[in-house]
Amino acid sequence: MHPSNRIVGTKSHRLLGKKILLGITGSVAAFMSPQIARELMRHGAHVIPVMSKESQRLIGPDLMWWATANKPITEITGDIEHIRFAGVMNRPVDAFLIAPCTTNSLNKIATGIADTPVTLIAATLIGKGIPVIISYVGHEDLVNNAATQKSIEQLETMGVRIVHPIRIEGKAKIPSPEELIAHVFKAFTPQILQTTPVIITGGPTREPIDNVRFVTNAASGRTAISLAEEAYLYGAKPKLVLGPTLLKPPNYVETHNVVTTQEMTDITLDLIRKNPRSLVILSAAMADFRPKTAKEGKTKSTAGFKVELEPTEKLVDQVKKIAPESILVIFKAEWDVDRDTLIQRASERMKKANADYVVANDLSKPGAGFGTETNHVLVINKAGRIRELKGLKRTVAQHLFEQIVTDLGKHHFKHQKS
């Protein structure tokens, strides 16, 4: 076994058994191609590089051979690689990710020009109906060119999945490997939420004591971001209402940053009123208490002082009152309780909020709760069915969405207004 194959499936098995071509064209962003390839492999994919002549001026084929354990395709030979990968003589590849794709290559693919291994294989796979995903890059002026914009529109009508760049410093730059892999995941995920509004809350909220101090908790927002990523994979355009956190959501997630519980409540309810038949997931650890009065300035630290707290209004109890047709998922955290008590309290909370699901966990358990990359939860639905999920928060989010779309079925979502 090639040493590089040792990383296959170390993050997840979402792409296990998938054969994916990685197209590389002559952009300086080609330096990221080994990282992209290995991220695909960490999720289980078998990756075969396809390199244009211009890309080889920037990175060598041996580097991609090392990264993927597969010798790159650098020219079309008597092995007629473009036909072979389309599955005429054997099993076809599952997808073709071109990252980076120059505006030159993008325009060629849009007009059917096939004069490099990358463009010829892309043309063949598009004709076969195999998913082609293009992450285009370039100077901002090249991207803004009317011909390039027309090519992007043309490719989308042809069924090509377009990954839009990050615009910064006058350039259209390639997204992170993690974001690119999300677009590959999406190619293999049923788009059942394509017309369903999805609203998610996450992170902590802060309640001011004075102008420099506040009451908060250790929630990181990782679960909410993972849930938003999963919603996107199912075709939704998720709206994330996120409290203060050091984590950055992907660029494809519409994010509303807030600080206080009231801000989170106001923005979330406003989004729900505009989309009353939404899938609403309230995973934020909103502050249960706030100081009755917030002092101006900075309280001197030379003497002690008292802070009187009052309860905040519960967002979970307001959702179904204004949007009874919404699907509501709430979270319930407890501390150092047995399983039966956790189930009982979570079920009671679900009933009080008229929620459809409750996700319950015990924050005292190792690997569960705030500030961790993992979680250990019980997912309970209205019928009383209980499912235990444990592992990385991204994996927990994946299985939670799988359960929701399975339980509710396509019929519930297909008539939703986007």
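Among the candidates 44, 17, 23, 87, which residue alone is on the phi > 0 side of the Ramachandran plot and touching a residue at least 40 places away in the same chain (Cβ under 8 Å)? Give the steps one after another, and end with the answer.
Details: 44 fails: touching a residue at least 40 places away in the same chain (Cβ under 8 Å); 17 fails: touching a residue at least 40 places away in the same chain (Cβ under 8 Å); 23 fails: on the phi > 0 side of the Ramachandran plot.
Answer to the selection: 87.
Check whether at least one residue in the stretch 255-272 is in the same structural domain as residue 316 (by TED's automatic domain parsing), within 25 Å of residue 391 (Cα to Cα) and modelled with pLDDT of 95 or more, and report yes or no.
Step one: list which residues in the stretch 255-272 are in the same structural domain as residue 316 (by TED's automatic domain parsing), which gives 255-272.
From the residues that got through so far, the ones that are within 25 Å of residue 391 (Cα to Cα) too are none.
Among the residues of the stretch 255-272, not one is in the same structural domain as residue 316 (by TED's automatic domain parsing), within 25 Å of residue 391 (Cα to Cα) and modelled with pLDDT of 95 or more, which makes the answer no.
Got a number for residues in the stretch 63-84 being in contact (Cβ under 8 Å) with a residue 12 or more places away in the chain and assigned to a loop (DSSP other than H, G, I, E, B)?
Just the residues of the stretch 63-84 that are in contact (Cβ under 8 Å) with a residue 12 or more places away in the chain, to begin with: 63-70, 72-76, 81-83.
Next cut, assigned to a loop (DSSP other than H, G, I, E, B) only: 69-70, 72, 74-76.
Residues flagged as in contact (Cβ under 8 Å) with a residue 12 or more places away in the chain and assigned to a loop (DSSP other than H, G, I, E, B) within the stretch 63-84 amount to 6.
Filter the stretch 52-62 for residues that are surrounded by fewer than 16 Cβ atoms within 10 Å (Cβ to Cβ) and either touching a residue at least 12 places away in the same chain (Cβ under 8 Å) or β-branched (Val, Ile, Thr) (or both) and give the result. Can you show your working first?
Step one: of the stretch 52-62, the residues surrounded by fewer than 16 Cβ atoms within 10 Å (Cβ to Cβ) are 53, 57, 60, 62.
Across the stretch 52-62, the qualifying residues are 53, 57.
Condition check ((1) without any contact (Cβ under 8 Å) to a residue 60 or more places away in the chain; (2) among the hydroxyl-bearing types (Ser, Thr, Tyr); (3) surrounded by 16 or more Cβ atoms within 10 Å (Cβ to Cβ); (4) under 29 Å from residue 267 (Cβ atoms)) across all residues:
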{"position": "316", "(1), (2), (3), (4)": "yes, no, yes, yes"}
{"position": "343", "(1), (2), (3), (4)": "yes, no, yes, no"}
{"position": "357", "(1), (2), (3), (4)": "yes, yes, yes, yes"}
{"position": "375", "(1), (2), (3), (4)": "no, no, yes, yes"}
{"position": "380", "(1), (2), (3), (4)": "yes, no, yes, yes"}
{"position": "384", "(1), (2), (3), (4)": "yes, no, no, no"}
{"position": "389", "(1), (2), (3), (4)": "yes, no, yes, yes"}
{"position": "394", "(1), (2), (3), (4)": "no, no, yes, yes"}
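Looking at the stretch 252-306 only, could you name the residues that are outside any loop (DSSP other than H, G, I, E, B), among the charged types (D, E, K, R) and surrounded by fewer than 22 Cβ atoms within 10 Å (Cβ to Cβ)? Break it down stepwise before answering.
Kept after step one, since they are outside any loop (DSSP other than H, G, I, E, B), are these residues of the stretch 252-306: 254-257, 261-274, 279-282, 285, 289-291.
Remaining after also requiring among the charged types (D, E, K, R): 254, 263, 266, 270, 273-274, 290.
Passing the criteria: 254, 263, 266, 270, 273, 274.
Here is a yes/no grid of residues against (1) under 30 Å from residue 272 (Cβ atoms); (2) in contact with a Lys or Arg (Cβ under 8 Å, 6 or more places away or on another chain); (3) surrounded by 21 or more Cβ atoms within 10 Å (Cβ to Cβ):
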position	(1), (2), (3)
92	no, yes, no
98	no, no, yes
134	no, yes, yes
140	no, yes, no
153	no, no, no
192	yes, yes, no
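Residue-wise test of (1) modelled with pLDDT under 95; (2) polar (S, T, N, Q); (3) assigned to a strand (DSSP E or B).
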position	(1), (2), (3)
330	no, no, yes
345	no, no, no
349	no, no, no
355	no, no, no
366	yes, no, no
371	yes, no, no
379	no, no, yes
401	yes, no, no
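What helices (runs of 4 or more DSSP H) lie completely within the stretch 107-184 and have 2 or more residues being within 27 Å of residue 45 (Cα to Cα) and touching a His at 6+ places or on another chain (Cβ under 7 Å)?
It comes to 117-128.
Assess whether residue 169 counts as being free of Cβ contacts under 8 Å to residues at least 24 places away in the same chain and over 30 Å from residue 402 (Cβ atoms).
Yes: the conditions hold for residue 169.
Could you say whether any residue in the stretch 20-32 is in a loop (DSSP other than H, G, I, E, B), among the polar types (S, T, N, Q) and crowded, with 18+ Cβ neighbours inside 10 Å? I'd like the intermediate steps shown before the answer.
First, pick out the residues of the stretch 20-32 that are in a loop (DSSP other than H, G, I, E, B): 25-27.
Next, from what is left, pick out any that are among the polar types (S, T, N, Q): 25, 27.
Add one more test, that the residue is crowded, with 18+ Cβ neighbours inside 10 Å, and what stays is 25, 27.
Scanning the stretch 20-32, I find at least one residue that is in a loop (DSSP other than H, G, I, E, B), among the polar types (S, T, N, Q) and crowded, with 18+ Cβ neighbours inside 10 Å, so the answer is yes.
Any chance the stretch 320-336 includes a residue that's of a type in the set (A, V, I, L, M, F, W, C) and surrounded by fewer than 16 Cβ atoms within 10 Å (Cβ to Cβ)? Give the steps one after another, and end with the answer.
Here is the first cut: in the stretch 320-336, the residues of a type in the set (A, V, I, L, M, F, W, C) are 322-323, 327-331, 333, 335.
Then keep just the ones that are surrounded by fewer than 16 Cβ atoms within 10 Å (Cβ to Cβ); that gives 322, 335.
The answer is yes; a qualifying residue exists.
Tell me whether the stretch 236-243 contains one or more residues that are surrounded by fewer than 20 Cβ atoms within 10 Å (Cβ to Cβ), over 30 Å from residue 300 (Cα atoms), among the small types (Gly, Ala, Ser) and not assigned by TED's automatic domain parsing to the domain that holds residue 129. Reasoning before the result, please.
Applying the first criterion (surrounded by fewer than 20 Cβ atoms within 10 Å (Cβ to Cβ)) to the stretch 236-243 yields 237.
Narrowing the set further to residues that are over 30 Å from residue 300 (Cα atoms) leaves 237.
Going one step further and asking which of them are among the small types (Gly, Ala, Ser), we end up with none.
No: zero hits.
Would you confirm whether any residue within the stretch 219-230 is at pLDDT below 95, part of a strand (DSSP E or B) and not aromatic (Phe, Trp, Tyr)?
No, because not a single residue in the stretch 219-230 is at pLDDT below 95, part of a strand (DSSP E or B) and not aromatic (Phe, Trp, Tyr).
The values are calculated or read from the model by the stated rules, or taken from the named source; none is laboratory data. Quick caveat: nothing in here was measured; it's all calculated off a predicted structure. No Cβ is skipped: glycine too gets one built from the backbone with ideal geometry, and neighbour counts run over all protein chains shown.
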